[in-house]
Amino acid sequence: MRRVVVTGLGALTPLGNTVKEYWEGLVQGRSGAGPITRFDASKYRTRFAAEVKGFDPENHMDRKEARKMDPYAQYAMVTAQDALLDAGLEEFKVNGERAGVIWGSGIGGLYTVYHEFKNFFEGDGVPKFNPFFVPKMISDIAAGYLSIRYGFRGPNYTTVSACASSNNAIIDAFNYIRWGVTDLFITGGSEAAVNEPGVAGFNAMKALSERNEDPATASRPFDLDRDGFVLGEGGAALILESLDHALARDARIYAEIAGVGLSADAHHITAPHPEGLGATLVMRNALRDANLSPSEIDYINVHGTSTPLGDLSEIKAIQNVFGEDAYRLNVSSTKSMTGHLLGAAGAAEAVACILAIVNNTVPPTINHFTDDPAFDPRINLTFNTPQGRTIRAALSNTFGFGGHNTSVIFKAYQA
Amino acid sequence: MSDIANKVRSIIVEKLGVDENEVTPEASFTNDLGADSLDTVELIMEFEKEFSLSIPDDQAENIQTVGQAITYLEANAK
């Protein structure tokens, strides 16, 4: 099978609207959370989120185009363009028949659904749905728009597996390239659910932190007082290429994808398996696929959403899989800074892992105040400050409601 | 120019993202102003909303230029 490398990155995150600002935010240990500005949240249990800031779609596309896209699709267009530019592909002639787009979004156009329904319920009962309602809402449309803009006529679709969505997208793109179906992909994911139903829906599940008095410290994975995740939004894009294709055009190579894993908990729609059964399996599957031993992984970017149960079961799984090596490697949850980007989390965290490898720096788990005795203190959770170390390979976990588990292993590129 | 004509022109500018000076009476939504079939449906709906009327489908099919829209609305808007 062919080797697959990462040659371009794009990011639009609560920490910054470019890859550079995102990485700076991660190593500075900044929080992207703050009071909700998207709507009046004064009656909501949670009144803060990790929003994308200062984003104006009309800086990136004309008004007519922007108006027809849900914010999640706008985020896709912007991050994909940044990644293509970063990969030097805007000037490079790509064979469109050998290039594809696989995008991830857990929810799709929730903003559009909400506003269209609201108009209908507030009206006289005569349906006056906008003709763009369906194409704005559906979660596959971002992949369609990207193919149209760039003329990529290879495989094209969106993966939907809740918070694992964009890892699934990366996994599929990786597979099609290594199997020889396609030479190049735009992949990644985006999500824009900081709106009335997004916040209220997760609130109703008691999934969100309600630390309204101090949003910046609310996402605190592995801390004794963690009380739920912080809703984030944004997107991230990766350009994946076969190694041959990248070398032939003399591309800069960030890292190589070593292997991927998939599994299901087969346990409960939203609760993680208490012993981390599915999480154990997915990491084992990824290591086997990558032909790497636990001793060769130096960093795990965990799903680590700052929920009481999820953080526990994931650490159990890491101990199951890595044994003594669990005490040697670094673990961190960048969601402590970005909040939880849902379907875009895998892509955003892939970018974090790749830059961690390139910079030999582990971004921290911020907001650690009180140890939780449930976690073995020998596990290095990279609390509060980044740590420098040589990172040969990094494993990125994302898990989604429904019990979907995904792992992607990135490794330092060596000719 | 009538109030109706001005409103029609500004709706077209807003929805199709075109320059005001392109919105001439002869301009066709699809051939000159870059509208696709969905844009055209949206325009008709916008006219219905703005002028509080309902445009039957068989008449909407005959509204293909800026001038046709203005003529129809001047005759039918309350």
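Out of the residues in segment A:197-219 meeting the condition of being of a type in the set (Gly, Ala, Ser) and either in a loop (DSSP other than H, G, I, E, B) or out of contact with any Lys or Arg (no Cβ under 9 Å at 6 or more places or on another chain) (or both), tell me which one is surrounded by the fewest Cβ atoms within 10 Å (Cβ to Cβ).
Let us first name the residues in segment A:197-219 that are of a type in the set (Gly, Ala, Ser), namely A:198, A:200-201, A:204, A:207, A:209, A:216, A:218-219.
With the extra rule that they be either in a loop (DSSP other than H, G, I, E, B) or out of contact with any Lys or Arg (no Cβ under 9 Å at 6 or more places or on another chain) (or both), the set shrinks to A:198, A:201, A:207, A:209, A:218-219.
Working: A:Gly198: 23, A:Gly201: 16, A:Ala207: 18, A:Ser209: 27, A:Ala218: 27, A:Ser219: 34.
Among them, the one singled out is A:Gly201.
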*For segment A:97-123, enumerate the residues that are within 22 Å of A:Ile148 (Cβ to Cβ) and over 26 Å from the mean Cα position of the chain (by Cα).*
A:Glu97
*Considering residues of segment A:229-249 that are touching a helix residue (DSSP H, G or I) at 6+ places or on another chain (Cβ under 8 Å) and among the small types (Gly, Ala, Ser) only, the residue surrounded by the fewest Cβ atoms within 10 Å (Cβ to Cβ)*: A:Ser242
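Which residues, counting only those in segment A:85-124, are closer than 20 Å to A:Asp56 by Cα and in contact (Cβ under 8 Å) with a residue 24 or more places away in the chain?
Start the filter on segment A:85-124 by keeping residues that are closer than 20 Å to A:Asp56 by Cα, which leaves A:85, A:108-112, A:115.
Scanning segment A:85-124 gives A:Leu85, A:Gly108, A:Gly109, A:Leu110, A:Tyr111, A:Thr112.
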*Evaluate the following for A:Glu256: is it surrounded by 19 or more Cβ atoms within 10 Å (Cβ to Cβ) and charged (D, E, K, R)?*
yes
*Hey, does segment A:56-71 have a residue that's at negative phi, away from every other protein chain (no Cβ under 14 Å), buried (at least 17 other Cβ atoms within 10 Å of the Cβ) and in a helix (DSSP H, G or I)?*
yes
*asked:* Just to be sure I understand the filter: pairs with C-beta atoms under 7 Å, separated by 6 or more residues or on different chains, first member in segment B:13-32 and closer than 18 Å to B:Leu73 by Cα, second member surrounded by fewer than 18 Cβ atoms within 10 Å (Cβ to Cβ) and among the small types (Gly, Ala, Ser). Which pairs pass?
replied: B:Pro25/B:Gly67; B:Glu26/B:Gly67
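Considering B:Asn76, B:Asn31, which residue is over 22 Å from A:Phe133 (Cβ atoms), exposed (fewer than 15 other Cβ atoms within 10 Å of the Cβ), at pLDDT 95 or above and more than 11 Å from the chain's Cα centre (by Cα)? Show your work before the answer.
Numbers: B:Asn76 fails: at pLDDT 95 or above.
Matching residue, one of B:Asn76, B:Asn31: B:Asn31.
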*Any idea how many residues of segment A:121-138 are buried (at least 18 other Cβ atoms within 10 Å of the Cβ) and basic (Lys, Arg)?*
1
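Would you check which residues across segment A:300-322 are over 29 Å from A:Phe48 (Cβ atoms) and either touching a helix residue (DSSP H, G or I) at 6+ places or on another chain (Cβ under 7 Å) or not assigned by TED's automatic domain parsing to the domain that holds A:Val362 (or both) and list them?
We begin by selecting, within segment A:300-322, every residue over 29 Å from A:Phe48 (Cβ atoms); these are A:316-322.
Once the filter is applied, which keeps residues that are over 29 Å from A:Phe48 (Cβ atoms) and either touching a helix residue (DSSP H, G or I) at 6+ places or on another chain (Cβ under 7 Å) or not assigned by TED's automatic domain parsing to the domain that holds A:Val362 (or both), segment A:300-322 yields A:Ala317, A:Ile318, A:Gln319, A:Asn320, A:Val321, A:Phe322.
Examine segment B:55-70 for a residue that is at the interface with chain A (Cβ under 10 Å from one of its Cβ atoms) and either more than 18 Å from A:Arg67 (Cβ to Cβ) or not polar (S, T, N, Q) (or both), and state whether such a residue exists.
The first filter runs over segment B:55-70 and keeps only residues at the interface with chain A (Cβ under 10 Å from one of its Cβ atoms), leaving none.
Among the residues of segment B:55-70, not one is at the interface with chain A (Cβ under 10 Å from one of its Cβ atoms) and either more than 18 Å from A:Arg67 (Cβ to Cβ) or not polar (S, T, N, Q) (or both), which makes the answer no.
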*Only listed residue being under 16 Å from the mean Cα position of the chain (by Cα), away from every other protein chain (no Cβ under 14 Å) and assigned to a loop (DSSP other than H, G, I, E, B), chosen from A:Ala142, A:Ala193, A:Ala169*: A:Ala193
*If we keep just the residues of segment A:383-411 that are surrounded by fewer than 22 Cβ atoms within 10 Å (Cβ to Cβ) and polar (S, T, N, Q), which is nearest to A:Ile297 (Cα to Cα)?*
A:Thr390
*So which residues in segment B:16-45 are away from chain A (no Cβ under 13 Å) and polar (S, T, N, Q)?*
B:Asn21, B:Thr24, B:Ser28, B:Thr30, B:Asn31
*With the checklist (1) part of a helix (DSSP H, G or I); (2) surrounded by fewer than 24 Cβ atoms within 10 Å (Cβ to Cβ) in hand, flag the one item A:Val94 doesn't pass.*
(1)
*Quick one: in segment B:46-73, which of the residues that are among the aromatic types (Phe, Trp, Tyr) and in contact (Cβ under 8 Å) with a residue 24 or more places away in the chain is surrounded by the most Cβ atoms within 10 Å (Cβ to Cβ)?*
B:Phe47
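The values are calculated or read from the model by the stated rules, or taken from the named source; none is laboratory data. Owing to the predicted nature of the structure, the values given are computational and were not obtained by experimental measurement. Reconstructed Cβ throughout: ideal geometry from the backbone, glycine too, with neighbour counts over all protein chains shown.
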